[in-house]
Amino acid sequence: MNLGGLHHVTAVTSNASLNVAFYTEVLGLRLIKKSVNQDDVSAYHLFYGDELGRAGTEMTFFDWENAGPHLPGAGMVTATAFRVPGRAALAWWARRFDAYHVSHGDITEQGGRAVLPFQDPEGQRLELVDDTGPAPAGGVAPGIPWAKSPVPAEYAIRGLAAVTLTVRDLAPSAALLTQVLGFRQVAAEEDGSGRAATFEVGPGGPGALVRVLERPDAPFRRQVGAGGVHHVAFRTPDPDEHAAWQERLARLGVGVTPVIDRYYFKSIYFREPGGVLFEIATDGPGFATDEDPEHLGERLALPPFLEPHRAAIEAGLKPIVPVTLAPKPVAD
Ligand code: ZN
């Protein structure tokens, strides 16, 4: 029973309109589902991904208007990396970020791959990673960018590459990853700030990487603000293996939820020992189950159990309006 890599990352925004503009226009992802948080229907749940929102390509957001700014600390996902095809793509993205006034760092090397760190408008820590570097045979298949994306396909984001967790004590988190979840440690390093270790699961390489930073003095945080990550989900192929993971985690005394049907996939949730909320989610049935693939994300999608309440739910949501993120480039 092997996890298939990263399934999705769910973060928090306090500004849905700005969030849609940034992730679709600047990053070129497709808004593949506009739904509501099933546990709090006053909030949008926005899903971005490749052309179909395939598992492994999704970044999703809860829209909590009153969320304060996110405070970094331990017990959190502290960076999310997307994969792009090649180093030339990173250089193209650095120029694009300048044009859109997106805060970004220099292109550096990490674990043998070129990385470009940047932030979304709410300070969400993101990275672009060249996924054409050394990879184990096989690897996680990249997503297929949407043909109507404003970003040319040769540079487009094609899924998640990695998440970085920050914890106060590396060993317990490493033990859960390797002894319970089937990860393999592939790198370890130490710098002035503390120890770090990188793990991969299933097919390995970009799309299946978790980096853990040990920061013993970092403040432990439970509250996720706007610009922070709520949880990270890992892939499992089908409901049978999903149920087996639930039983296994429960048997090992990991406090895991029952299987929850999220309609687009099934979910279980648990906290790893460092405090980060993990989810295991099924690859299917996916986002084209209730909408025509041509028209994903255009209207508010509700799972069947919420459909009878559509009018009230829609009335409680703020409309998503267009936001201009950068002055239009002036033609020469
Ligand atoms: Zn999730």
For this session: Take the stretch 37-81 and flag every residue that is modelled with pLDDT of 95 or more, under 16 Å from residue 13 (Cα atoms) and touching a Pro at 6+ places or on another chain (Cβ under 9 Å).
Result: 78, 79
For this session: Would you please name the residue that is farthest from residue 126 (Cα to Cα), looking only at residues in the stretch 187-213 that are charged (D, E, K, R) and touching a residue at least 12 places away in the same chain (Cβ under 8 Å)?
Result: 195
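So which residues in the stretch 277-287 are within 13 Å of the ligand (Cβ to nearest atom), of a type outside the set (Asp, Glu) and open to solvent by less than 10 Å² (accessible area, probe 1.4 Å), if there are any at all?
First, pick out the residues of the stretch 277-287 that are within 13 Å of the ligand (Cβ to nearest atom): 277-282.
Subset that is of a type outside the set (Asp, Glu): 277-278, 280-282.
Once the filter is applied, which keeps residues that are within 13 Å of the ligand (Cβ to nearest atom), of a type outside the set (Asp, Glu) and open to solvent by less than 10 Å² (accessible area, probe 1.4 Å), the stretch 277-287 yields 278, 280, 281, 282.
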Exercise. Checking residue 216 against (1) buried (at least 20 other Cβ atoms within 10 Å of the Cβ); (2) assigned to a loop (DSSP other than H, G, I, E, B), which test does it fail?
Worked result: (1)
Exercise. Given (1) at pLDDT 95 or above; (2) within 15 Å of the ligand (Cβ to nearest atom); (3) not in a strand (DSSP E or B), where does residue 268 come up short, assuming only one miss?
Worked result: (3)
For this session: State which residue pairs qualify: first residue closer than 13 Å to residue 254 by Cβ and inside the stretch 267-283, second residue assigned to a loop (DSSP other than H, G, I, E, B) and among the aliphatic types (A, V, I, L, M) in any location, beta carbons under 8 Å apart, and separation of 6 or more residues or different chains.
Result: 268/259; 270/254; 280/3
Exercise. So residue 225 clears everything in (1) open to solvent by 10 Å² or more (accessible area, probe 1.4 Å); (2) under 18 Å from the mean Cα position of the chain (by Cα); (3) more than 16 Å from the ligand (Cβ to nearest atom); (4) not hydrophobic (A, V, I, L, M, F, W, C) except one condition, right? Which one?
Worked result: (1)
For this session: Only residues in the stretch 226-254 that are in a loop (DSSP other than H, G, I, E, B) count as the first member; pair them with residues that are modelled with pLDDT of 95 or more and among the aromatic types (Phe, Trp, Tyr), Cβ under 7 angstrom, at least 6 apart or cross-chain, and list the lot.
Result: 254/270
Exercise. In the stretch 30-81, how many are within 18 Å of residue 292 (Cα to Cα), small (Gly, Ala, Ser), open to solvent by less than 10 Å² (accessible area, probe 1.4 Å) and touching an Asp or Glu at 6+ places or on another chain (Cβ under 7 Å)?
Worked result: 1
Exercise. What about residue 111, is it closer than 25 Å to residue 173 by Cβ and more than 16 Å from the ligand (Cβ to nearest atom)?
Worked result: yes
For this session: Of the numbered conditions (1) more than 16 Å from residue 39 (Cα to Cα); (2) at pLDDT 95 or above; (3) assigned to a loop (DSSP other than H, G, I, E, B); (4) not acidic (Asp, Glu), residue 258 fails exactly one; give the number of that condition.
Result: (1)
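The values are calculated or read from the model by the stated rules, or taken from the named source; none is laboratory data. If you're wondering where the values come from, they're calculated on a predicted model, not measured in any experiment. In this analysis, Cβ positions are derived from the backbone assuming ideal geometry, glycine residues included, and neighbour counts consider all displayed protein chains. Calculation scope for accessible area: heavy atoms of the full protein, side chains included, ligands and nucleic acids excluded. Shrake-Rupley method; radii C 1.70, N 1.55, O 1.52, S 1.80 Å.
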